[in-house]
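Read through the structure below, which is laid out as structure tokens, and then see the notes.
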Amino acid sequence: MKLLIFISLLAVFCDAALRHDRFPDDFLFGTATASYQIEGGWNADDKGENIWDRMTHTRPEVIKDRSNGDDAADTYNNYKRDVEMMRELGLDAYRFSLSWSRILPNGLANKVSEAGVAFYNNYINEMLAYNITPMVTLYHWDLPQKLQDLGGFASPYFPEWFENYAKVVFTQFGDRVKYWITFNEPREICYQGYGYVEKAPILNITDVGTYYCAKNLVLGHARAYHVYNDLFKPTQGGECGITISVNWMGPLTDSEEDLYAAEIKRQADWGIFAEPIFSEQGGFPKEFSEIVAKKSAEQGYPSSRLPAFTEEEREYVRGASDFFGVNHYTANLISANEYKGNWPVPSMYADVDVGTYVPPEWVPAASSWLKLAPNSIFNALTHLHNRYNGPVFYITENGWSQLLEEGYEDDSRIAYYRAALNSVLDCLHAGVDLRGYMAWSLMDNFEWMQGYTERFGLYEVDFTSPQKTRTPRKSAFVYKHIISTRAIDPDYEPDTRTMWIDEGH
Ligand SMILES: *[C@@H]1O[C@H](CO)[C@@H](O)[C@H](O)[C@H]1NC(C)=O
């Protein structure tokens, strides 16, 4: 009798726990991709050259396997198969990006490509036919080469170029697209592309590259946001935000020094982009700005290498976003004195001047920078929630890489997704206004400097086959189950021999 009561009590508790641990019905589950990584068709129709075309064609040695995105997964011709995969997974939403030089072959807005617009119309309409909500990024790293030749993000004309491009995009697609993301990952654009050599255009202008880019990027974002808000939102009714990469940066120890070091690291890595838009006071982060100003003076620069906003610019940018898109993958522990890298002086990370540490017990992915760090989504999002007064969030990327040889039984990816989505549930319980989650990535793709050597896909892509055949990995079945049940069942073991089409979606 006692045992029976105990069992029924247990059942009640488990039931309550399960219900509590479900994702809301209107939570947007999706996957994400980027134009250059999947589209191919690099010179199809009248598409213009972009900075990844130029770099991979002229400097193939900078890509690990000397490959490029000329064909990639050939989504340009296979877009219907992509949408079929979205249906197989039962996605609510799909995040993808537009190739600027496919829409504006000239970079500038004097000529709109009919073929480019038709391609994206077809892609979008195919999704909508199956109730899949498009979430569209305007810029995911493929700047028209001509604009790069004119200085790219370092040019003071950049905000104007971006505003004009955005206007074309909102005009062409805004009747059907209700989620807009201006930029994907400002830090990677500015630091890796302008301040270092980890992304096109690999300028390695270490002293000011990152900072000039940062200011113009933030201004360009604000111009696109205001244009949407003033001219399009009243009739189209969508939302416009920005996606910033926020890996968690916590202190290595509880010492005051390490706490401060972690704060400075956060201010540099994402604060220079988030603070001007999401903070109450606006402008670049205070302590980091002071550090750069002081060092710049000591180094003989006539003004701070991090150019301040004018009062007018600060007001224009402050609050210019409907949501905060977060790309999150991993975490680092920050030390004031230990584990420091050998940064060139001057450079952003010489300005930051802290060490980063990763505990050996955090399980590694195929990518050197990616480890399974416990609770890192919860740590990152609750921090942003508190710092920026509870904005609306979407996780716009989160995922795990493996080597091709690891095959379809991608148990390490499944473990990562389950841990990540448990951390998402913790955020929801804590009152974070998190409304969606986009897994990176729908399918294997061109992983930038790593070429095709690192695979992030729920679907494997056979890049050697003419059709770029896509085949679901085990993680695809697990993600589908999570989406359809709105819950994480740690014991679910899919039968991966079963292929599916969910006609009902
Ligand atoms: C980048 O610039 C720094 C500082 O000028 C230099 O030390 C470093 O060798 C450069 N790196 C590459 C890969 O060119």
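The values are calculated or read from the model by the stated rules, or taken from the named source; none is laboratory data. Treat the numbers as computed from the prediction; the structure is a model and nothing was measured. Note that we place each Cβ from the backbone using ideal geometry, even for glycine, and neighbour counts take in every protein chain shown. Ligands, DNA and RNA are stripped out before the accessible areas are found, and what is left, the full protein with its side chains, is counted by its heavy atoms. Shrake-Rupley method; radii C 1.70, N 1.55, O 1.52, S 1.80 Å.
Restricting to segment 331-353, give me the number of residues that are open to solvent by 90 Å² or more (accessible area, probe 1.4 Å) and under 19 Å from GLY271 (Cβ atoms). Total meeting the criteria: 1. Filter segment 185-196 for residues that are crowded, with 24+ Cβ neighbours inside 10 Å and either within 20 Å of ARG54 (Cα to Cα) or free of Cβ contacts under 8 Å to residues at least 12 places away in the same chain (or both); which is nearest to the ligand (Cβ to nearest atom)? Checked segment 185-196; the qualifying residue nearest to the ligand (Cβ to nearest atom) is GLY195.
For (1) of a type in the set (Asp, Glu); (2) at pLDDT 95 or above; (3) in a helix (DSSP H, G or I); (4) surrounded by 10 or more Cβ atoms within 10 Å (Cβ to Cβ), each residue gets a yes or a no:
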{"position": "GLY30", "(1), (2), (3), (4)": "no, yes, no, yes"}
{"position": "THR56", "(1), (2), (3), (4)": "no, yes, yes, yes"}
{"position": "GLU61", "(1), (2), (3), (4)": "yes, yes, yes, no"}
{"position": "ARG66", "(1), (2), (3), (4)": "no, yes, no, yes"}
{"position": "ASP70", "(1), (2), (3), (4)": "yes, yes, no, yes"}
{"position": "ARG81", "(1), (2), (3), (4)": "no, yes, yes, yes"}
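Residues of segment 200-237 being more than 27 Å from PHE446 (Cα to Cα), within 16 Å of the ligand (Cβ to nearest atom) and part of a loop (DSSP other than H, G, I, E, B), which ones? Result: ASP207, VAL208. So how many residues does segment 99-122 have that are more than 13 Å from GLY48 (Cα to Cα) and crowded, with 22+ Cβ neighbours inside 10 Å? Residues in segment 99-122 being more than 13 Å from GLY48 (Cα to Cα) and crowded, with 22+ Cβ neighbours inside 10 Å: 2 in total. Taken over segment 184-194, the residue count meeting the criterion of being in contact with a helix residue (DSSP H, G or I) (Cβ under 6 Å, 6 or more places away or on another chain) and either within 26 Å of LEU108 (Cβ to Cβ) or of a type in the set (A, V, I, L, M) (or both) is 3.
Yes or no, residue by residue, for (1) touching a residue at least 60 places away in the same chain (Cβ under 8 Å); (2) open to solvent by less than 10 Å² (accessible area, probe 1.4 Å); (3) touching a Phe, Trp or Tyr at 6+ places or on another chain (Cβ under 8 Å):
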| residue | (1), (2), (3) |
| --- | --- |
| PHE378 | no, no, no |
| ASN386 | no, no, no |
| VAL392 | yes, no, yes |
| GLU406 | no, no, no |
| GLU409 | yes, no, no |
| SER423 | no, yes, yes |
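Across segment 285-317, the qualifying residues are those that are within 30 Å of the chain's Cα centre (by Cα) and part of a loop (DSSP other than H, G, I, E, B), and the one among them that is surrounded by the fewest Cβ atoms within 10 Å (Cβ to Cβ) is THR310.
Residues are listed down the side, and each one gets a yes or a no for (1) at pLDDT 95 or above; (2) open to solvent by 10 Å² or more (accessible area, probe 1.4 Å); (3) within 16 Å of the ligand (Cβ to nearest atom); (4) out of contact with any Ser or Thr (no Cβ under 9 Å at 6 or more places or on another chain):
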residue	(1), (2), (3), (4)
TYR139	yes, no, no, no
ASP142	yes, no, no, no
ALA166	yes, no, no, no
ARG176	yes, yes, no, yes
GLU198	yes, yes, yes, yes
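Which count do you get for residues in segment 367-419 that are of a type outside the set (S, T, N, Q) and either assigned to a strand (DSSP E or B) or farther than 24 Å from GLU188 by Cα (or both)? Spell out how you get there, then give the answer.
Of segment 367-419, the ones of a type outside the set (S, T, N, Q) are 369-374, 377-378, 380-381, 383-385, 387-388, 390-395, 397, 399-400, 403-411, 413-419.
Now restrict to residues that are either assigned to a strand (DSSP E or B) or farther than 24 Å from GLU188 by Cα (or both): 371, 390, 393-395, 397, 404-411, 414-415, 418-419.
Summing the residues that are of a type outside the set (S, T, N, Q) and either assigned to a strand (DSSP E or B) or farther than 24 Å from GLU188 by Cα (or both) in segment 367-419 gives 18.
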